[in-house]
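Okay, so here's the structure we're looking at.
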2 protein chains.
Amino acid sequence: MSWENNVRRVVPYTPGEQPKVSDIIKLNTNENPYPPAPGVQKILDDFDIARMRLYPDPNAEILVNALAETYHVKPNQIFVGVGSDDVISMAFLTFFNSEKKILFPDVTYSFYDVWADVYQIPYQTVPLTEDFRINPDDYKIPNGGIIFPNPNAPTGVLESLDLIEEILQANPDSVVMIDEAYIDFGGESCLPLLEKYENLLVIQTFSKSRSMAGMRIGFAIGSEKLIKCMNDVKFSINSYTMNHITLLCGAETLKDEAYFKSSTGKIIETREQAKKKLSELGFVFPDSKSNFIFASHPDYDAGAIFNKLKERKIFVRYWNKPRINQYLRITVGTPEEMQKLFSALEEILAEGQ
Amino acid sequence: MSWENNVRRVVPYTPGEQPKVSDIIKLNTNENPYPPAPGVQKILDDFDIARMRLYPDPNAEILVNALAETYHVKPNQIFVGVGSDDVISMAFLTFFNSEKKILFPDVTYSFYDVWADVYQIPYQTVPLTEDFRINPDDYKIPNGGIIFPNPNAPTGVLESLDLIEEILQANPDSVVMIDEAYIDFGGESCLPLLEKYENLLVIQTFSKSRSMAGMRIGFAIGSEKLIKCMNDVKFSINSYTMNHITLLCGAETLKDEAYFKSSTGKIIETREQAKKKLSELGFVFPDSKSNFIFASHPDYDAGAIFNKLKERKIFVRYWNKPRINQYLRITVGTPEEMQKLFSALEEILAEGQ
């Protein structure tokens, strides 16, 4: 017997590399290549450091109210957390307490199985089709809950609202979570379905489309009932998760709709150009509606390309896992960064296998 | 059957009030009355908002290294989180997985039973003695883990290192957590015991002595083994908990030892004066080595005094709970704030019951 017998044993999630050197091209963690809304500078300029001595608002009202206004819902339909990982983790802990298995795709955000393990939630992965699509019929079996991203990660594939509604209709007794981390890059959000389904939880983040990965802001929107349950669990773990500066910066960012549209618009444009260029280079990929492209080359090993890009200080993401070990997930950067990527890929492909 | 059957049902912790009006005297959540180290201003001045687009360092190295240097331990003996509540919650989840009950005092930080409930950890409270002391013999029974604050909250009572060591010696098979949120106000930290006990976890915070409640920084120091276990669980929940600005501000604060000594010294001085004054007013209280005083008046109802102070816009903390419902927990503010408190108390006592 030892204290070590009572330790929760887990295999943690491995985040994408965050190299500390600065002269790299970083296309590996789906960060936004553009800075956040310029109004954020004024928030920092005006911030009185004496305010740091006081606890932040545990209800995060300034941010919650700004989100409610932006997304046309009531403040008590919104839950905020330290990035969408905090929000989804809290949602797993709150809603997935059945003895039945929760369901999510086999190829998806690789944190879902980690959360299931840490919270000892039984789960079953549901294979995507050959072309990485969700078959809604696969989700019409008894389950303890459902989650998938839309667009999916790391594929970038967007499913329709009709498909999501079909799954909701078949699952009135489960909480269905749609992880919309990448929805702002051309997808259609399922927020309108909230009017009909009180068991739908929609999760979004400031880390991608709002250029704030470094500030850690995520949120969920759902029925008042769902959000009340999540807040009860959250207030049983940490009353004050969002620091004061973060609340102010997050709320400020939401005010600048024009900047948001412009920067996401630029990324969408660069993505569409990148699709053309990657096709010209012989890559194949499912059509992406996100800020990344999940690309494979029929004649070259993805792991080898990954390493050769890294030697050239270009970081993309690669998983040595079943079904996806011949793919690279390439974040859409600035046009200049993408040009350097394409030049490097041309060199690498010219070298041969 | 409904999705509601699978919800984790909990009774959340109730944090102290964070009133949104500004003309109040706030002595209710043990915040520091002085601003953080002045170097923090330069961190904000120099911060490039473009950095917000990138994820922060998931290993929080700049802060971890600064803490390692400050406390003369190795970086891999340090775990950082979003306030000490995040750290303790993570420690409960990591280490308290026995079927035996965990132990903590009956009068203590009122979050411990909430964490035990949310994570479904069996627990047993151990009564403090009549004068709010810990009897180490009470902790020599089979258990799944032990936690208490030193100084204790809300009493302010400090226990000796000898007492802590006696408990550690009796419990080699449990993780023993000492919550030192208030240790910098005149207590002796048990950090030196780490050399002998690999099952000791010491938790501290930037929220009190370092004037950073608003930034959310807590940390634990323990053996490399303990910290590795905590990080595995943390990285199974949220890779990036500490935002970039917070890491920089926290590390900066640790550099200014002179400011830290001066501001904690002022609070200790004000506390000692407050003890005299409260005694003169007829209050009784256990001796406090923290930044608050837990005071009771033999002739006046604590709940009534609490409400009358609130009418005068002076907020202290009151719990209507067994054993402590005749006590007020009064945070030590500035000398000016304390003077206003004493004047108000004089008025209230003069009014009679």
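Quick notes on this structure:
- Only helical runs count toward this figure. For chain A, summing -39,500 (n - 2.57) over DSSP H runs of n ≥ 4 and dividing by all residues gives -11000 deg cm²/dmol at 222 nm.
- Of the residues A:123, A:182, B:259, the one with the fewest other Cβ atoms within 10 Å heads the list, and the complete ranking is B:259, A:123, A:182.
- Residues B:86, A:179, ranked from the fewest to the most other C-beta atoms within 10 Å, line up as B:86, A:179.
- For residue B:282, the label point sits 7 Å beyond Cα toward Cβ; its separations from the matching points on the remaining copies run 9.3 nm, from shortest to longest.
- Under 10 Å, Cβ to Cβ, from residue A:312 - net charge with Lys/Arg +1 and Asp/Glu -1: +2
- Average other protein chain Cβ within 10 Å of Cβ, residues A:14-21: 3
- Anisotropy class of segment A:184-289 from Cα gyration tensor, a/c 1.5 cut: prolate
- Listed peptides A:33-42, B:299-308, B:225-234 appear in the order B:225-234, A:33-42, B:299-308 once ranked by packing, highest mean of other Cβ atoms within 10 Å at the front.
- Signed unit charges on C-beta, dipole axis of chain A, positive-most listed residue A:142, A:82, A:185: A:82
- Working note: Cα gyration tensor of the protein assembly as shown, eigenvalues times five, square-rooted, sorted largest first, giving semi-axes of 47, 27, 25 Å.
- Neighbour-count ranking [beta-carbon atoms within 10 angstrom, fewest first] of A:263, A:22: A:22, A:263
- Three-way shape label, segment A:50-255, alpha-carbon gyration tensor, a/c 1.5: prolate
- Distances between copies of residue B:45, taken at a point 7 Å out from Cα along the Cα→Cβ vector and listed shortest first: 1.5 nm.
- With θ taken as phi - 60° and the Karplus curve 6.51 cos²θ - 1.76 cosθ + 1.60 applied, the whole-hertz 3J(HN,Hα) list for segment A:39-44 is x, 4, 4, 5, 4, 5 Hz, x standing for glycine and proline.
- Using a Förster distance of 41 Å, the FRET efficiency for residue B:255-residue A:336 (Cβ separation, nearest 0.05): 0.65
- Assuming charge only on the beta carbon of Lys and Arg (+1) and of Asp and Glu (-1), the dipole of segment B:53-256 about its Cα centre is about 680 debye to the nearest 20.
- Nearest-first distances (nm) between copies at residue B:350, label 7 Å from Cα via Cβ: 9.2
- Under 23 Å, Cα to Cα: Lys pairs in segment A:50-255, sequence gap 8 or more or different chains: 14
- Residue B:24-residue A:228 FRET efficiency (beta carbon distance; Förster radius 35 Å; 0.05 resolution): 0.75
- Shielding score for B:84-90, defined as the mean number of other chain Cβ atoms within 10 Å: 3
- Estimated distance in nm for a label pair at residue B:14 and residue B:46, the labels positioned 7 Å out from Cα along Cα-to-Cβ: 4.5 nm
- Since only B:245, B:211, B:349 are under comparison, the one whose Cα sits farthest along the positive direction of the charge dipole of chain B, derived from C-beta charges on Lys, Arg, Asp and Glu, is B:245.
- Under 12 Å, Cβ to Cβ, from residue B:38 - net charge with Lys/Arg +1 and Asp/Glu -1: -1
- 19 Å Cα-Cα reach of residue B:313 towards lysines, excluding residues that sit fewer than 8 places from it in its own chain: B:20, B:26, B:340
- Shielding by partners, peptide B:208-214 (average Cβ within 10 angstrom, other chains): 5
- Given R0 = 22 Å, the distance between the Cβ atoms of residue B:195 and residue B:262 translates into a calculated FRET efficiency of 0.15.
Every number here is computed from the coordinates shown, using simple stated rules; none is lab data. Keep in mind it's a predicted model, so treat the numbers as computed, not measured. Quick reminder, even Gly has a Cβ in these numbers, built from the backbone with ideal geometry, and neighbours come from all protein chains shown.
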